[in-house]
Amino acid sequence: MKSLKTIFFILIVLMVASFVGLSFYVQLNGKTLIESKLSAVLNKDVSVGKARLLFPLGLRFDNVDIKNVFVAKVLRIYLGIPFFVDGRLNIARVKLIEPTFFITYSADNKIILGDIRRLPVLPDTSKLAIPAPLASNTAKHQAKFSQGININYLKIKSGRVEVLDQARENITDIGSINLNATDVALPARKIKTKFDFTALVLGEYVPLAGQKINARGMINIVARDMDAVIELVGSKGKSSFKAHLKAVANEMMVKGKINIGRFISSIKTEDSRESSLEGFLVNALESSGKGMEVDFMCQTKMDTFNCDKLGLSGKVVGNKKKP
């Protein structure tokens with residue numbers, strides 16, 4: 001019995017000593033290590049602030065900056081066991097606190113990760129900006145790591161996305177982002193990622209300002225597959241827009257329902273006037289005490305999403321307000 005206690009004590013001492021040693025190593029070398037490895041995987045300049053070890057297999061990095069693409073106040077990483085699966089780093093859990101993502105919706109309807117105004121060269125990869133692999137002459141140890149990262153669980157808290165619409169020359173801020181996602185790969189590969197997402201459209205004169213976004217479903221970026229539901233909810237908790245997005249091999253069908261009065265009211269901008277058709281329709285609906293709902297559908301491509309022209313179907317229904 002005494003020998004078992006001795007062995008247990010020795011193991012505890014070794015674990016504590018290892019943790020302390022790793023902590024010093026991470027504090028001294030973690031910053032350089034994560035910058036070089038993430039730069040290799042993402043093929044972009046990466047800088048981080050302070051690095052520290054989290055017990056038992058975790059790392060924390062402050063002030064992470066992927067140039068012109070992403071910044072975050074805190075990045076927490078918990079490694080999975082085994083550490084590598086098929087040459088890809090296996091991460092059990094990633095948590096991002098107060099991150100900001102920059103995205104461009106280009107004039108030719110492509111989604112590009114990063115602010116196109118700040119990027120020195122446009123990404124020459126897929127239409128969804130999947131990071132390009134490293135050159136074949138990269139050192140062997142970097143090549144193994146650069147095969148990518150598997151994230152079993154991703155959590156984003158209090159995030160923000162800044163979307164530059166190049167065609168319309170405007171910027172939309174989406175804030176208060178909370179995301180839970182499973183099975184995420186960097187660079188993107190043929191894998192189904194399940195997600196649950198909430199956010200808030202910010203700005204005073206931005207289309208859909210004040211609307212809450214709820215979305216959940218599955219997306220496979222490489223295969224161009226998607227099966228998700230998205231809904232816009234106003235400040236009073238009433239839905240103005242709800243749609244089901246279904247894509248197979250890039251062919252996407254969007255079907256949903258719009259509450260005409262609520263939706264038009266939410267997209268009024270600084271240039272809107274009460275004398276406009278939109279203002280007239282909203283005022284007419286409000287004064288009549290009725291709401292109008294219409295079903296719609298749109299056929300488009302997942303990687304060049306464009307639903308400017310909607311096909312209307314079903315019936316237009318007037319609902320009287322409750323007394």
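The sole residue among S235, S240 that is surrounded by 17 or more Cβ atoms within 10 Å (Cβ to Cβ) and more than 19 Å from the chain's Cα centre (by Cα) is S240.
For the range 63-83, filtered to residues that are of a type in the set (K, R) and in a strand (DSSP E or B), the residue that is farthest from A51 (Cα to Cα) is K73. Is one or more of the residues making up the range 201-209 in contact (Cβ under 8 Å) with a residue 60 or more places away in the chain, under 23 Å from T100 (Cα atoms) and surrounded by 15 or more Cβ atoms within 10 Å (Cβ to Cβ)? Yes, there is a match, as at least one residue in the range 201-209 is in contact (Cβ under 8 Å) with a residue 60 or more places away in the chain, under 23 Å from T100 (Cα atoms) and surrounded by 15 or more Cβ atoms within 10 Å (Cβ to Cβ).
Of all residues in the range 36-55, how many are farther than 16 Å from N68 by Cα and part of a loop (DSSP other than H, G, I, E, B)? Adding up the residues that qualify gives 3.
With respect to the conditions (1) among the aliphatic types (A, V, I, L, M); (2) in contact (Cβ under 8 Å) with a residue 12 or more places away in the chain; (3) in the same structural domain as F70 (by TED's automatic domain parsing), I171 falls short on a single one, namely (2). Surrounded by 18 or more Cβ atoms within 10 Å (Cβ to Cβ), touching a Gly at 6+ places or on another chain (Cβ under 7 Å), at pLDDT 80 or above and not in a loop (DSSP other than H, G, I, E, B), is that true of I112? Against the criterion (surrounded by 18 or more Cβ atoms within 10 Å (Cβ to Cβ), touching a Gly at 6+ places or on another chain (Cβ under 7 Å), at pLDDT 80 or above and not in a loop (DSSP other than H, G, I, E, B)), I112 does not qualify.
The values are calculated or read from the model by the stated rules, or taken from the named source; none is laboratory data. Remember, it's a predicted structure, so these values are computed and weren't measured experimentally. Cβ sites come from the backbone with ideal geometry, for glycine too, and all protein chains shown count toward neighbours.
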